[in-house]
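Single-structure report; data block below.
Read the figures in this text as sums done on the coordinates, not as results from a lab. The structure displayed is predicted, hence computed values, not measured ones. When we count neighbours, we look across all protein chains shown, and the Cβ atoms used for this are built from the backbone with ideal geometry, even at glycine.
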């Protein structure tokens, strides 16, 4: 099976800290890949390396079969990203932000207009499309970031906590949209702390802990290695070493 | 409980300062150096405060002693007190506004969520005002007046200096605190705040010109001549400072002159003349303190609002122009839009035309007779306007990448090459410079004498040439020393990295030499004034070609530093 994302020994250091430690990702094309890990495990650093925001300290990677070091712009034309932190111009409106993205992707005027209208409707941002991003709430910014990622009709989506701060109605619509995107052959690489969402949407899972990839495979493969009927949450907690029984109980808390 | 909260808040302030210096330990050498330089600036300021404070304390003691022990010097002392304390008085009015535009609303929000009495939070504003570096510099000097007067052996002067000094400082702190709360209320609506900030910047800039413009004496540029009236000549003892009563009313009502008048009354032993200004100081302080409470309550109890911009038209994607590629045009267009929607952006573009208009009005009333040197020629006006336009834009261009904020990350994630990012920004700033210079120069070109027209035209072209020549270096510098800025705030928050600013400022000076030489050669050596704009236009073309040729250097710098830039704008 060809891979949308493939890394070998991908490592990223910040001084003494090894944020990502020689991970070998294999994300099949047309899959919904859930990338899980506790806070500070290295999920966002991995996404930043894969999307070109950070250079790996060592290791190699191929995105959609291409080498990011050589084909940076070719890859970016086929990829949509919601990064961990906001990546929006504060002083542009939603329409202007999307127009900028359309222009740099070379979309024609009619396509741009149609896609912007549909995306703004989907994200329920139509009423605020003329407001500057500076005046947006956290959830509205997240929705706009998702619209930005979807606008150029990418083949691969990197979504870092896309549902954070998004209301239930929009969240459901987005989940359906992403499922449809994968059904049509697109690939989603998603990180989320909401394991239920990942369990429902993802068909492949990777779990990172202290910068190392501790598990990877289809959901069925992960389950086969655990006790029968284990939920993804149980598998995750088992792998990252969570110890609920010995955790402080805060009995002073009324 | 209050003491515990105050200690906790002092500890918070201390940790925020210490931790700010600690950040960036896991970053590259250049970024660590860059942060160290940026962190050193406030430390240098603090080091300057101490000797200034000591010096003014000494002068305060000396002044107090002279006022008490040397009757012949007392008039001069009280006048100097009134004049020198105009600085903290003026700052008491300006500071709240500047601080409100550069504060940390999220920190204020957190404090409001904690169990801290509202009254204590309000008093914190007073403490902040008193701990302001400028107040810290002047406050010991003000209090030292009483110590000096005590040394001079005059009980009344000592008492008045003490009561007046404390009253003066209390008034400034209460006034500053009141205005700070008012500013926070006014500025918490983003659009309203930005509009007010823009008006504030333009007003402050124009303030220096207004007196010149509205003087009844039309010779605006002529230095003030000494009084040669018969009355002046007949008052041999009047060579010193004027009597306080002779000062304009607008000056006499200010707190610093209230203190001066109280001191003057005390040195003359006139209790009545002392009581009124002293009472005014204390009454105003009490009024400002009293008004702060309802204002603070309103600030806490009413929600902040945010402005809307109704431009919901869905625009199509342009495909660039015959001269620039689509991505370059897209980057340039976004740069122009985002920059012009910030206070700094609006001020950068609006200031030169406003200045040009003022200069043009001044030139219409201008009389060169008796004006020495450079100012004898009307070309000083276009020189000042061009300098303002180019220097103001330098503040943007030396931090052009980080100034995009997190929008820069959006660009880095899109299929936009480093070439398009650099060229788009260079195009945007060149367009801004051209537009700003053209609009600013039109009124000047209409009013300058015909003989000065070619030079004025050449100066406008020289300004643009200097801007273009520096563009590649500015891009390199801004990739090397980025700083997160908020161009809609005032003070440190809208300022670029000091090293970047300094480097671009120096380069602008160097870049101004060739076009200045073109003008001098045409006028002085060849004696053909109309050759000046022609030569400068040729240099402008050369500078443009050189700039375009050098842009790949900036592109390489951007590629090398893009990771650091992405981290800096993300606040890492």
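Using the average count of surrounding beta-carbon atoms within 10 Å as a protection proxy, the listed peptides B:290-301, B:409-420 rank, highest first, as B:409-420, B:290-301. Across peptide A:78-88, the average count of Cβ atoms from other chains found within 10 Å of a residue's Cβ is 5.
The packing ranking, built from the mean of other Cβ atoms within 10 Å per residue, places the peptides A:201-213, A:168-180 in the order A:201-213, A:168-180, highest first. Distance between the pseudo-spin-label points of residue B:48 and residue A:108 (7 Å out from Cα toward the beta carbon): 6.0 nm.
Over region A:1-58, what is the relative contact order in whole percent, taking alpha-carbon pairs under 8 Å and six or more residues apart? Relative contact order of region A:1-58: 37 percent. The mean sequence separation of alpha-carbon pairs under 8 Å and at least six residues apart, normalised by the residue count of chain A, gives a relative contact order of 26 percent.
Over region B:378-418, what number does the Rg to Rh ratio reach, with both radii from the alpha-carbon atoms and Rh per Kirkwood?
Result for region B:378-418 is an Rg/Rh of 1.30.
Here r is the Cβ-Cβ distance between residue B:272 and residue B:130 and R0 is 30 Å; the resulting FRET efficiency, rounded to 0.05, is 0.45. Nearest 5 is fine: what % of DSSP beta bridges in chain A come out antiparallel, could you say? About 55 percent, rounded to the nearest 5.
Between the helical axis of A:168-183 and the longest alpha-carbon principal axis of chain A there is an angle of about 90 degrees.
Helix A:109-122 axis versus longest C-alpha principal axis of chain A: approximately 50°, rounded to the nearest ten.
Computed from label points 7 Å out along Cα-Cβ, the spacing between residue A:118 and residue B:205 is 4.6 nm.
The order of B:62, A:253, going from fewest to most other C-beta atoms within 10 Å of their C-beta, is A:253, B:62.
Classify the protein assembly as shown as rounded, prolate or oblate from the Cα gyration tensor: take a ≥ b ≥ c as the square roots of its eigenvalues, call it rounded if a/c is under 1.5, otherwise prolate when a/b beats b/c and oblate if not.
Values: a/c = 2.57, a/b = 1.50, b/c = 1.71.
It comes out oblate by the Cα gyration axes.
Restricting attention to the protein assembly as shown, close to 55% of DSSP beta bridges with both partner residues there are antiparallel.
Peptides A:119-129, B:473-483, B:495-505 ranked from most to least packed give B:473-483, B:495-505, A:119-129, packing being the mean of other C-beta atoms within 10 angstrom over each peptide's residues. Relative to the globular-protein estimate of 2.2 N^0.38 Å, the Cα radius of gyration of chain A stands at 1.05. Counting beta carbons within 10 Å around each of B:282, B:530, B:11 and listing the fewest first gives the order B:11, B:530, B:282. Per the Debye calculation on region B:471-567 with a single equal scatterer at every Cα and no solvent contribution, log₁₀ I(q)/I(0) for q = 0.20 Å⁻¹ amounts to -0.98. Here each label is just a point 7 Å from Cα along the line to Cβ, and for residue B:298 and residue B:484 those points are 3.3 nm apart. The length gained by stretching the chain between residue B:37 and residue B:62 to full extension, at 0.36 nm per residue less their Cα-Cα distance, is 5.2 nm.
Largest first, the extents of the alpha carbon coordinates of region B:130-197 on the three principal axes equal 57, 19, 15 Å.
Is the shape of region A:38-112 rounded, prolate or oblate, going by the alpha carbon gyration tensor and its root eigenvalues a ≥ b ≥ c, with a/c under 1.5 for rounded and a/b larger than b/c for prolate? Note, shape of region A:38-112 comes out oblate. For region B:441-500, the alpha-carbon coordinates run over 46, 26, 14 Å along the three principal axes, in decreasing order. The calculated 222 nm mean residue ellipticity attributable to helices in the protein assembly as shown amounts to -20500 deg cm²/dmol, summing -39500 (n - 2.57) over DSSP H runs of n ≥ 4 and dividing by all residues.
Length gained on full extension, residue B:445 to residue B:520, computed as 0.36 nm times the residue gap minus the Cα-Cα distance: 25.1 nm.
Under Stokes-Einstein, with the Kirkwood radius over Cα pairs as Rh, the value for region A:162-245 at 4 °C and 1.567 mPa s is 92 µm²/s. The residues A:184, B:252, when put in order of fewest to most other Cβ atoms within 10 Å, stand as A:184, B:252. Taken residue by residue and averaged, Cβ atoms of other chains lying within 10 Å of the Cβ of B:155-162 number 0.
Look at the stretch A:101-114: the mean tally of other chain Cβ atoms within 10 Å of its residues' Cβ atoms is 6.
Put the Cα centre of region B:378-443 next to the Cα centre of region A:113-152 and the gap is 28 Å.
Against chain A, whose longest principal axis comes from its Cα atoms, helix A:94-104 is set at around 90 degrees. Computed from the C-beta positions of residue A:29 and residue A:250, the FRET efficiency with R₀ = 51 Å rounds to 0.65. Using the Cβ-Cβ distance between residue B:119 and residue B:13 with R0 = 22 Å, the FRET efficiency computed as 1/(1 + (r/R0)^6) comes to roughly 0.65.
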